[in-house]
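To keep things clear, I will list the structure first and then write my remarks on it.
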Amino acid sequence: MNDIENTDIFECRRCGNCCLHFQPHLEMAEAQNIADHLSLSLDEFKAKYADKRWPGHRTMLIRHNQNGCIFMGRGVDNLSLCTIHDFKPQACRDYQPSFKHRECREGLLP
């Protein structure tokens with residue numbers, strides 16, 4: 001391992017690779033919280049945003065589209081933009097950009 005790979009956490013560059021490659025896992029209480037912020041019932045939220053391939057009844061995965069997470073957008077600067085940033089899933093809040101993540105290293109490339 002070289003020195004750059006040993007470096008831990010760095011400031012997010014908003015490349016969007018984490019949103020492209022990972023699907024947040026939600027407990028139903030967290031899904032309900034996001035649904036409430038979007039003024040949706042839990043059933044409406046699940047119908048619109050849950051990955052239907054996930055068989056869970058107590059948990060769910062957020063659906064992806066061709067661009068990754070259904071909630072990922074692009075700002076005017078073309079950097080990734082989470083459309084539910086203020087109430088995004090705990091899994092997303094816990095993710096820390098680091099050189100140990102292949103997605104983050106790739107996001108630093110021009």
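The values are calculated or read from the model by the stated rules, or taken from the named source; none is laboratory data. Everything quoted here is computed from the prediction, not taken from an experiment. So basically every Cβ, Gly included, is an ideal-geometry build from the backbone, and we count neighbours across all protein chains shown. Surface accessibility is based on the protein's heavy atoms, side chains included, excluding ligands, DNA and RNA. Shrake-Rupley method; radii C 1.70, N 1.55, O 1.52, S 1.80 Å.
Determine, for each peptide in 102-108, 55-61, the mean count of other beta carbons within 10 angstrom over its residues, then list the peptides with the highest first.
102-108, 55-61
Take the Cα pairs of the chain, get the Kirkwood Rh, then feed it into Stokes-Einstein at 10 °C and 1.306 mPa s and tell me D in µm²/s.
Taking Rh from Cα pairs, D becomes 106 µm²/s.
Could you give each residue of the stretch 59-74 its phi-based ³J(HN,Hα) in whole Hz, using Karplus coefficients 6.51, -1.76, 1.60 with θ = phi - 60°, and x for Gly or Pro?
Whole-Hz 3J(HN,Hα) from phi for the stretch 59-74: 9, 8, 10, 6, 5, 10, 10, 4, 9, x, 3, 4, 9, 8, x, 10.
From the backbone phi of the stretch 25-33, what are the Karplus-calculated ³J(HN,Hα) couplings (6.51 cos²θ - 1.76 cosθ + 1.60, θ = phi - 60°) in whole Hz, Gly and Pro given as x?
Karplus values, whole Hz, x for Gly and Pro: 9, 10, 6, 4, 5, 6, 4, 5, 4.
Among Ala47, Ile62, Ile34, which residue has its Cα positioned farthest towards the positive end of the charge dipole of the chain, with +1 placed on the Cβ of Lys and Arg, -1 on the Cβ of Asp and Glu, and the dipole taken about the Cα centre?
Comparing the listed Cα positions along the dipole, Ala47 ranks first.
How high is the relative contact order of the stretch 21-88, in percent, with contacts defined as C-alpha pairs under 8 Å that are six or more residues apart?
For the stretch 21-88, the relative contact order is 31 percent.
Taking H placed 1.01 Å from N in the peptide plane, check which residues at least 5 places from Ala50 or on another chain put their amide H under 5 Å from its amide H.
Arg63
What full-extension length gain, to one decimal in nm, is calculated for Ile9 and Met28 as 0.36 nm per residue of separation minus the Cα-Cα distance?
Residue separation times 0.36 nm, minus the Cα-Cα distance, leaves 3.8 nm.
With a probe of 1.4 Å, find how much accessible area the chain has per residue, and write the answer as a whole number in Å².
Ligands and nucleic acids excluded, the figure is 67 Å² per residue.
Between His85 and Glu106, what FRET efficiency comes out of the Förster formula 1/(1 + (r/R0)^6) with R0 = 22 Å and r the beta carbon distance, rounded to 0.05? Working shown, then result.
On the way: r = 22 Å, r/R0 = 1.00.
For Glu106 and His85, the calculated efficiency is 0.50.
Could you tell me which Cys residues in the chain have no other cysteine's Cβ under 4.7 Å from their own Cβ, answering none if every one has a partner?
Cys with no partner Cβ under 4.7 Å: Cys12, Cys15, Cys18, Cys82, Cys92, Cys104.
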